[in-house]
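Some notes on the structure that comes next.
The values are calculated or read from the model by the stated rules, or taken from the named source; none is laboratory data. Keep in mind the model is a prediction, meaning the values are calculated, not measured. Note that we place each Cβ from the backbone using ideal geometry, even for glycine, and neighbour counts take in every protein chain shown. Calculation scope for accessible area: heavy atoms of the full protein, side chains included, ligands and nucleic acids excluded. Shrake-Rupley method; radii C 1.70, N 1.55, O 1.52, S 1.80 Å.
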Amino acid sequence: SQLALLAYSIALVIILSYLSASRGMMTAWIGSNLVFPVLPLVSGLIGGFIFSLANSLCMDREDDRGRVAGVNYGLDLASSCIGALVTGAFLIPVLGISGTCMMLAALNLKVLIVLIAGVLFT
């Protein structure tokens, strides 16, 4: 799942760069009618998978299902709110969209390395 986030961040930069550099009407039509509707779908699938994975990792007993789901959902909403505020108010104006995506890719790569190291050395 972490690798999917990393790949999505890099793919987003490549896709947006290609679409912005292209001047053809067919590319514009494909970008606006096919590519842009698929991008949020893919990010939603990745986020939904990570959310369900986090719930299954945090649940010790079957009795805790409601509490774990509620706490994780609250944390998911709070972090989404903070992430949207920081991204919209600071990162995109300072780094641009491509720079923000590359910074997120670097952050996801660091998290992936920590996760792999944790699995290998535990």
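Charging the Cβ of each Asp and Glu at -1 and of each Lys and Arg at +1, and nothing else, the dipole of the chain about its Cα centre rounds to 340 debye. Computed from backbone phi with θ = phi - 60° and the Karplus coefficients 6.51, -1.76 and 1.60, the 3J(HN,Hα) list for the range 88-95 is x, 8, 10, 5, 5, x, 8, 9 Hz; x is used for glycine and proline.
Solvent exposure of the chain, expressed per residue, is 70 Å² of accessible area, with all protein chains present and a 1.4 angstrom probe.
Using the rule -39500 (n - 2.57) for each DSSP H run of four or more residues, divided by the residues of the chain, the 222 nm mean residue ellipticity is -28000 deg cm²/dmol. Surface composition of the chain: carbon plus sulfur atoms contribute 76% of the solvent-accessible area (1.4 Å probe, protein chains only, all chains present).
Using θ = phi - 60° in the Karplus curve 6.51 cos²θ - 1.76 cosθ + 1.60, the 3J(HN,Hα) couplings for the range 113-122 round to 5, 5, 5, 5, 5, x, 6, 6, 9, 10 Hz; x is entered for Gly and Pro. A simple rule links phi to the HN-Hα coupling: the Karplus curve 6.51 cos²θ - 1.76 cosθ + 1.60 with θ = phi - 60°, which for the range 54-64 gives 5, 4, 5, 6, 8, 8, 8, 10, 5, 5, 8 Hz, with x for Gly and Pro. For the range 11-53, compute Rh as the Kirkwood radius over C-alpha pairs and then the Stokes-Einstein diffusion coefficient at 37 °C and 0.692 mPa s; write the answer in µm²/s, rounded to an integer. The estimated diffusion coefficient comes to 287 µm²/s.
For SER22 and SER43, the FRET efficiency from 1/(1 + (r/R0)^6), where r spans their Cβ atoms and R0 equals 22 Å, is about 0.50. Rg/Rh for the chain (Cα atoms only, Rh after Kirkwood) is 1.05.
For the listed peptides 87-99, 9-21, a ranking on the average number of other beta carbons within 10 Å per residue, highest first, reads 9-21, 87-99.
Each label point was placed 7 Å from the Cα along the Cα-to-Cβ direction; for LEU115 and MET59 their separation is 2.0 nm.
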